[in-house]
Every structure is written in structure tokens, then in C-alpha cells.
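J.: Can you read through this structure? Questions will come right after.
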Amino acid sequence: MNKILKSAFTEEMQKAKSDFASGNFKSCFRHLERAHVLGQRNVIPHTVNHWWMLKVGFKLGDTREIWGQIIRILVAG
């Protein structure tokens, strides 16, 4: 991942983690979606991003999101 892309990915993930810690799961997911686009060509950041999306799915009780992320993690990893 190039330097600029990595910086942008890291910034979105930091914002997502901050929102997650604050219980602001909708905003957290928006940052995770942005980070997903930035990191999707890199296996480790991409998989880590899906892990966080799975965590948000559990917090929101969104069964569809949970199963979707489980499948994505298995495929991405």
C-alpha cells in the first residue's frame, strides 16, 4: 500500500475505532466503508476492515451484516 493510501486508510480506521468505542456504530460503519475502499487491494488491511465491520454488525444486531462479513472474512483471508 502506498504511503498516501496507507495514511488515508489509517485515518478512517482510527475514526471508526473511536466511534466504536463511543458507541456511535452508524458513524463507525461509514468510516469502515471508506476504509474498505482504500484497503481493498491489500489482503491484511482488507481482512482487518471486514473484522471491524463484523464487530459493528454484532453491536447493531444485524444478522445479515454478520453473516455477510463472516463470508467475506473467509474469502478475503
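J.: May I ask you to order 51-64, 22-35 by the average number of other C-beta atoms within 10 Å around their residues, highest value first?
T.: Values: 51-64: 15.3, 22-35: 16.9.
The peptides rank, most packed first, as 22-35, 51-64.
J.: Working out 0.36 nm times the residue gap between residue 14 and residue 27, then minus their Cα-Cα distance, what length gain in nm do you get to one decimal?
T.: Details: separation 13, 0.36 × 13 = 4.68 nm, distance 1.21 nm.
Length gained between residue 14 and residue 27: 3.5 nm.
J.: Would you calculate a helix-derived [θ] at 222 nm for the chain, using -39,500 (n - 2.57) for each DSSP H run of n ≥ 4 and dividing by the full residue count, to the nearest 500?
T.: Values: 4 runs with 67 residues, N = 77.
Taken over the chain, the calculation gives -29000 deg cm²/dmol.
J.: Let me ask something additional. Work out the FRET efficiency for residue 63 and residue 4 from their Cβ-Cβ distance, taking R0 = 30 Å, and round it to the nearest 0.05. It would help to have the intermediate numbers written out before the result.
T.: Values: r = 37 Å, r/R0 = 1.23.
After rounding to 0.05, the efficiency reads 0.20.
J.: Further, regarding this structure: Starting from the amide H of residue 62, placed 1.01 Å from N in the peptide plane, find each other amide H under 5 Å away whose residue is 5 or more places distant or on another chain.
T.: none
J.: Moving on to the next point. Each residue of region 34-40 in turn: what ³J(HN,Hα) in whole Hz from Karplus with 6.51, -1.76, 1.60 and θ = phi - 60°, glycine and Pro shown as x?
T.: For region 34-40, the Karplus curve yields 5, 4, 4, 4, 5, x, 5 Hz.
J.: Find which of 39, 51, 21 sits farthest along the positive direction of the dipole of the chain, computed with +1 on the beta-carbon of Lys and Arg, -1 on that of Asp and Glu, about the Cα centre.
T.: It is 39.
J.: In addition: Could you go through region 45-53 in sequence order and give the Karplus-derived ³J(HN,Hα) for each residue, using 6.51 cos²θ - 1.76 cosθ + 1.60 with θ = phi - 60°, rounded to whole Hz, and x for Gly and Pro?
T.: x, 4, 5, 4, 4, 5, 4, 5, 5
J.: Tell me the carbon and sulfur percent of the accessible area for the chain, rounded to whole percent, probe radius 1.4 Å.
T.: Numbers: 2940 of 5100 Å².
Here carbon and sulfur together make up 58 percent of the probe-accessible area.
J.: Further question: Mean separation of Cα pairs under 8 Å and 6+ residues apart, divided by the residue count of the chain: what relative contact order is that in percent?
T.: Numbers: 74 pairs, mean separation 20.5, N = 77.
Relative contact order of the chain: 27 percent.
J.: Could you provide, to the nearest whole Å², the per residue accessible area of region 1-73 with probe 1.4 Å?
T.: Working: 4740 Å² over 73 residues.
The answer is 65 Å² per residue.
J.: Place a +1 charge on the Cβ of each Lys and Arg in the chain and a -1 charge on the Cβ of each Asp and Glu, then give the dipole magnitude about the Cα centre in debye, rounded to the nearest 20. Intermediate results must be reported in sequence, preceding the final value.
T.: Details: 12 positive and 6 negative charges, 23 e Å.
Roughly 100 debye, rounded to the nearest 20.
The values are calculated or read from the model by the stated rules, or taken from the named source; none is laboratory data. Predicted model only: the values in this text are computed from it and were never measured. In this analysis, Cβ positions are derived from the backbone assuming ideal geometry, glycine residues included, and neighbour counts consider all displayed protein chains. Calculation scope for accessible area: heavy atoms of the full protein, side chains included, ligands and nucleic acids excluded. Shrake-Rupley method; radii C 1.70, N 1.55, O 1.52, S 1.80 Å.
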